[in-house]
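The values are calculated or read from the model by the stated rules, or taken from the named source; none is laboratory data. Because the structure is predicted, anything quoted here is derived from the model rather than measured. Methodologically, a virtual Cβ is constructed for each residue, glycine included, from the backbone with ideal geometry; neighbour enumeration extends over all protein chains shown. What goes into the accessible areas is simple: the full protein's heavy atoms, side chains included, and nothing from ligands, DNA or RNA. Shrake-Rupley method; radii C 1.70, N 1.55, O 1.52, S 1.80 Å.
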Amino acid sequence: MLRRDAFSEEHELFRAQVRRFCEKEVEPKIVAWNRQGMTDRDIWRRLGEQGFLGPALPEAYGGGGGDFLYDAIVMEELSYRRAHGLMTTVHTSICLPYIASYGSEAQKQRYLPPAIRGELLVGICMTEPAAGSDLAGIQTRAVRAGGHWILNGSKTFISLGQLAGLFIVVAKTDPQANPPHKGISLFLVEADTPGCVRGRKLEKLGLPAQDTSEIFFQDCRVPATALLGREGTGFKMLMEKLQQERLCIGVCSIASCRRALDDTLAYVKERHAFGQPLAAFQNTQFTLAELWSEVAIGQAFVDQLLRAHVRGDDIVAEVSAAKWWATDLQKRLTGECLQLHGGYGFMDEYPISGDYADAAVQSIYAGSNEIMKVIIARRLGLG
Ligand SMILES: Cc1cc2nc3c(=O)[nH]c(=O)nc-3n(C[C@H](O)[C@H](O)[C@H](O)COP(=O)(O)OP(=O)(O)OC[C@H]3O[C@@H](n4cnc5c(N)ncnc54)[C@H](O)[C@@H]3O)c2cc1C
């Protein structure tokens, strides 16, 4: 594989540290987490102690003060090890930046240090049973009542729904607003607030250790200070942060592809049929040569986007392209690698079966791949 040049020597030292930690403390526990349907709080605290939960956040709140490439390293190493249940991406690279960018000083002081230490996990509640892609169509309401806001509504598919101690909640503060997205605001709701109710941990096709859940708000009363940023600017904040969210998916997707490919390359060299290794069949060679090429191309694009994102460039269309292309590749690649494993590929004891199941969601969340194409088309002046 082409030598990657997006990362400095310091980044690579950090990567070595993350890798050692993953080998020692993450990999041995993945099977147990998958079986219990959740990770545990202990590993999050350990990640926090190592400085892996906020390497790009300000040092003033306990972060590492580095750039987004440090976040990318943690995501890549965890994805390569199939530790998908550890949704550090959601916590570190998606949720905490909202607080760091838009929070009041009091909010930052209250939430960032424990979140970076891994003592307080943070999830984001956007999706509702009747509104996912169409975010402006959400029904959750926040009504001002003196010094408080009262929230009512249902959210679903919320990552870290069982483990999070804090939710960033997307709610309508002005249902009459025109256009509707101007009536959306964000709130920081502590999970133990009366009226904030954790629902079921949902059964699903893949990501077995990820506690995707329903969350309900039933006359949930939060102080006025729970508002994040200014009233009515929720949609704008979400749009500003989606560039990073989508880049994260591209980063994780390519790392997952690399792992599935590496394991399949090893498998086809060992497994024999008709008196020769599977690797000797031209079909195997061409399939893996094509997939390897696509991963190399995807990695080069993602690395270029990482550099541009760190520079602060507006690359919304490009990250949308990376998100749909890399996740489509991951779905196709895991299917073809599974095929090369034959019947063993369908068995749980071979990780490729899990890779195939885990890949399915990548084109759905963080904005579906169809929505990515809508965004690109708009940027091209279409529609
Ligand atoms: C495992 C998992 C974890 C998740 N974690 C979170 C989380 O932490 N927080 C959170 O808020 N949400 C989360 N989600 C929700 C996720 O973001 C949504 O599922 C996603 O945005 C799609 O919304 P939807 O499921 O309502 O599908 P819909 O919006 O109903 O879409 C259904 C289909 O229609 C297509 N479609 C919709 N609109 C258009 C259009 N304009 N043009 C073309 N096609 C269109 C979609 O692409 C899709 O194929 C998670 C989902 C999963 C599965």
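Observations
- Carbon plus sulfur fraction of accessible area for region 1-146, probe 1.4 Å, in percent: 49
- Nearest-20 debye value, region 227-330 charge dipole, Cβ charges on Lys, Arg, Asp, Glu: 160
- Each of Pro208, Val170, Leu188 was placed along the dipole of region 162-208 (beta-carbon charges, centred on the mean Cα), and the one lying farthest toward the positive end is Pro208.
- Carbon/sulfur fraction of accessible area - region 225-383, other protein chains in place, 1.4 Å, %: 57
- Long-range Cα-Cα pairs in region 1-90 (distance over 21 Å), rounded percent: 30
- Taking a straight Cα-Cα cut-off under 13 Å and skipping sequence neighbours fewer than 8 places away in the same chain, the aspartates and glutamates within cross-link reach of Lys331 are Glu294, Asp355, Asp358.
- Overall dimensions of the chain, expressed as equivalent-ellipsoid semi-axes from the Cα gyration tensor (√(5λ), whole Å, largest first), are 37, 22, 21.
- Surface analysis of region 171-320 yields an accessible area of 47 Å² per residue, using protein heavy atoms and a 1.4 Å probe.
- Note on region 164-262: the C-alpha convex hull projects to 8.5 nm² when averaged across all orientations.
- Region 320-377 and region 196-216: distance between their alpha carbon centers, rounded to Å: 21
- Pairs from Lys155/Lys201; Lys172/Lys236; Lys241/Lys323; Lys172/Lys204 whose Cα-Cα separation, in the structure shown, is over 18 Å: Lys172/Lys204
- Summing Cβ point charges (Lys, Arg +1; Asp, Glu -1) relative to the Cα centre of the chain gives a dipole of roughly 660 debye.
- For region 274-367, the dipole from Cβ point charges (+1 on Lys and Arg, -1 on Asp and Glu) about the Cα centre works out to 100 debye, to the nearest 20.
- Relative contact order (%) - region 182-232, alpha-carbon pairs under 8 angstrom, separation at least six: 51
- Antiparallel beta bridges, as assigned by DSSP with both residues in region 80-184, represent about 60 percent of the total such bridges.
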